[in-house]
Amino acid sequence: MIVSWNWLKKYVAVPATREEVEQRLTMSGLNHEKSVPQGSDWAIDLDVTSNRPDCLGHLGIAREMAVLFDVPLQIPQPQPATQGQALSEVAAVSIEAERLCTRYTARLVRGVKVGPSPAWLQDLLLAVGINPVNNVVDCTNFVMLECGQPLHAFDFAKLRGSRIVVREPRPGEKLQAIDHREYELEPGMCVIADGEGPVAIAGVMGGADSEVTTSTRDVLIESAWFDPLTVRTTARKLALHSPSSYRFERGVDWQGADWASFRCCELILQTAGGQLASGVIDVKTVVPQPHFIQFRLERIARVLGIDIPVDVVRKTLLGLGLSIETEQGTT
Amino acid sequence: MNSVAPLTAEGYRQELQQLLAGALQAFAAAESADQLEAARVHYLGAKNGLFKNVQKQLGQVVVAEKPLAGKHLNEAKDQIQEAFEQARLRFTAELRRGSLDPQFDPSLPGTGQRLGKLHPITQTIEELIDIMGRLGFTPAQGPEIEDEWHNFVALNIPASHPARDPLDNFYLAVAGRQTAEPLLLRSQTSTVQIRVMEQTRPPVRIISLGRVYRPDTADPTHYPMFHQIEGLMVDRKVTLADLKTVLKLFATNYLGSKVPIRIRPSFFPFTEPSVEADYFWNGRWVEFGGAGMVDPNVFAAVGYDPEEYSGFAFGLGIERLCMIRHQITDIRHLFTNDVRFLRQF
């Protein structure tokens, strides 16, 4: 995971140099490989182990920094204005592959003016090695690199029947992806289809026909949760790996899908103009239950061989975004 | 003594013919290089050889006929020499063995046998066994062909884990054995830990060493077969602090007393928490292995009570340790089996 030093500083103000931060991150599990200057910025290369998909976005790394240096984490609160006809009146989403996709959110931004992104956005993307495409696509990439939730923007006019169907491919279905190569799909994979056929390989790559171009007026923003194993086997079979598949394979925050969608629409309004249709289509097939973990304080010394004061434990867990339900015997 | 009557050239020639006939017969009759040599000394010996005697008689030949007699002498000498050389060829092989080579000097030092050496990997393994043995760890071994239970399941690696991808492992073709469960070349020596724990009760203190196999393309730091050493210690009240102590003692013994080490958080399915161990070498931290506290799920798989027992495990790449020690920069050198490379260790 390559992160931008300037980007991280949007969310957290640490009283330390970049080198100190790299050192602390290494010693807390995000091994620092190297840092490369990028203009006035630095590209910091960190190893993220497979159990920490939450650190596949700048906010996740910033959260670690906030806890390590005991400073607040500033999470953006998107509040874009909505206008016009409600989304549910002009579009529909259905999930047929209920196990492969447990949540699909869609929002619609009408009347965008597709063009180059502003310099600040291009600079941040370039710093982490992502080539700017246009303001809409850059916003989806920015939000993915911000929070770890991959997003996709469809040219709404190209979605036949104005609908999204999440399903397995039918035998013989093919899709030309945005890399302009044709992929043969097969049952067991998961695709995003419109009223007629596949328009994206779920969680892996979008299709060329519905991609956002300079003639695009209305964009439908997808923010969804796809089954990790399905995304991995699909990406492997098609030999098609993307920053999106990388994150879905490791697990994306089911709860965060709507925030990411909202955040992306806000940025599109800022950089490409247009109007956000009111409402969201948010289809859920399985709602994951929160995990409750019994944390036995006496195990710390038994496993680690050192004592950690209870207030440090409490502060660390809360800082990482967990909530403590009950405490017993910690006076 | 022989001055009674002067010899004629003809008489001298007859004398020579007699000698020649005797010599030819003796050379032909020789049955060994030794016998031939005895015959040579008898006829051609430099001091008392018969030919020498006849040569001396040349002085008794009448003066006028001396040139002719001399010519006879030279002809005879050539013939005897020729006969000897011919006879000698019959025993060339025997002579080559040196026993009778006139140039053989038994007082010279012999040509030494080239001695073989232990492979640098074997040397490293022996040293590691020795170091860990002093810390109370006993070597354990297991099969290189493993089942999925020992290579994955018992190690808390579920079917959905990327490490189980068939393309990342050497699965065996088991055509005709459809009922049998899949087999693979082990991808880690942790399999031995499972086998040992399945068969013994705590306390356990073992190291497992051996070859592991992963379908990596060979390059300076990767090879599809390499060696691992894994340590496992299970008992009541074993902690991460004990792990760090053992790793420190190990590094001190193998790399030198002043080598600092550190551990930092990492992730492996079979340990929780997991760490990477680094040592400080040439001004930077170098990774030397993964380790951690045995995951309670692994204990459950082998029938240990995770509430009663705790333990640590660590795994180190033997090639990496060997290469650091000897400043080898390409792992492939270790397996090319070039004697010019191997004899240096």
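Take the Cα of B:His161, step 7 Å along the line toward its Cβ, and report every residue of the range B:258-272 whose backbone nitrogen sits under 16 Å from that point. Those under the cut-off are B:266-272.
Contact residues in the range A:10-48 by the 50 Å² criterion (accessible area, 1.4 Å probe, full protein complex versus chain alone): A:Met27.
If I stretch the segment between A:Asp47 and A:Arg181 completely, what's the gain in nm (0.36 nm per residue apart, minus their alpha carbon distance), one decimal?
Separation in residues times 0.36 nm, less the Cα-Cα distance, equals 45.2 nm.
The order of A:Arg314, A:Arg299, B:Arg186 by accessible area, most exposed first and with a 1.4 Å probe, is A:Arg314, A:Arg299, B:Arg186. Inter-label distance, B:Ile129 to A:Val36: 4.6 nm, where each label sits 7 Å from its Cα along the C-beta direction. Name the residues of the range B:259-297 whose accessible area falls by at least 30 Å² when all protein chains are present instead of the chain alone, probe 1.4 Å? Buried on complex formation: B:Arg262, B:Arg264, B:Pro265, B:Phe267.
Computed from Cα positions, the angle between helix A:310-319 and the longest principal axis of chain A comes to roughly 20 degrees.
Where in chain B are the DSSP H helices whose C-alpha atoms run 18 Å or more along the long axis and whose mean Kyte hydropathy is at least -1.0?
Taking the DSSP H segments of chain B (at least 18 Å long, mean hydropathy at least -1.0), we get B:9-29, B:66-89, B:120-134, B:240-255.
Highest mobility in the GNM of chain B, judged by mean-square fluctuation with C-alpha springs under 10 Å and restricted to B:Arg211, B:Arg90, B:Arg236, is found for B:Arg90.
Considering only B:Leu24, B:Leu128, B:Leu316, give the residue with the highest GNM mean-square fluctuation for chain B, with springs between Cα atoms whenever their separation is below 10 Å. Its mean-square fluctuation being the largest, the pick is B:Leu24. Per-atom-type breakdown for chain A gives carbon and sulfur 51% of the accessible area (1.4 Å probe, protein chains only). Modelled spin-label separation between B:Thr122 and A:Val310, with each label point placed 7 Å from Cα along the Cα-to-Cβ direction: 6.0 nm. Surface composition of the range B:9-100: carbon plus sulfur atoms contribute 51% of the solvent-accessible area (1.4 Å probe, protein chains only, all chains present).
List the GluC sites (Glu not before Pro) within the range B:21-69 that fall in a DSSP loop (any state other than H, G, I, E or B) and whose Cβ has at most 11 other Cβ atoms within 10 Å.
B:Glu31
For the protein assembly as shown, the solvent-accessible area of protein heavy atoms averages 51 Å² per residue (probe radius 1.4 Å; ligands and nucleic acids excluded). Computed from phi, the 3J(HN,Hα) profile of the range B:150-155 under the Karplus parametrisation 6.51, -1.76, 1.60 (θ = phi - 60°) reads 6, 7, 10, 4, 5, 8 Hz, with x in place of Gly and Pro. Each part reduced to its alpha carbon centroid, the range A:187-263 and the range A:101-116 end up 13 Å apart. State whether chain A is rounded, prolate or oblate according to the following rule on the C-alpha gyration tensor (a ≥ b ≥ c being the square roots of its eigenvalues): a/c under 1.5 gives rounded; otherwise a/b larger than b/c gives prolate, and the remaining case gives oblate. In terms of gyration-tensor shape, prolate. Exposure check, 1.4 Å probe, all protein chains in place: B:Met132 carries approximately 0 Å² of accessible surface.
Counting heavy atoms of the protein chains alone, B:Thr8 has an accessible area of about 70 Å² for a 1.4 Å probe. Within the listed set A:Val165, A:Val114, A:Val310, the Gaussian network model of chain A (springs between alpha-carbon atoms below 10 Å) gives the highest mean-square fluctuation for A:Val310. Computed from the C-beta positions of A:Gln23 and A:Thr214 and an R0 of 51 Å, the FRET efficiency is 0.65 to the nearest 0.05.
Interface burial in the range A:288-331 reaches 20 Å² or more for A:Arg296, A:Arg299, A:Arg302, A:Val303, A:Leu304, A:Gly305, comparing the full protein assembly with the chain by itself; accessible area from heavy atoms with a 1.4 Å probe.
Chain B contacts chain A over a buried accessible area of about 1600 Å², both sides summed; the probe is 1.4 Å and only protein chains count.
Based on DSSP H runs of at least 4 residues, each adding -39500 (n - 2.57), what is the mean residue ellipticity at 222 nm of the protein assembly as shown after dividing by all its residues, to the nearest 500 deg cm²/dmol?
Computed ellipticity for the protein assembly as shown at 222 nm equals -10500 deg cm²/dmol.
The antiparallel fraction among DSSP beta bridges confined to the protein assembly as shown stands at about 90%.
The values are calculated or read from the model by the stated rules, or taken from the named source; none is laboratory data. Every value quoted in this text rests on a predicted model; they were computed, and no experiment measured them. Backbone-built Cβ (ideal geometry, glycine too); neighbour counts: all protein chains shown. The area values use the complete protein model at the heavy-atom level, side chains included, leaving out ligands, DNA and RNA. Shrake-Rupley method; radii C 1.70, N 1.55, O 1.52, S 1.80 Å.
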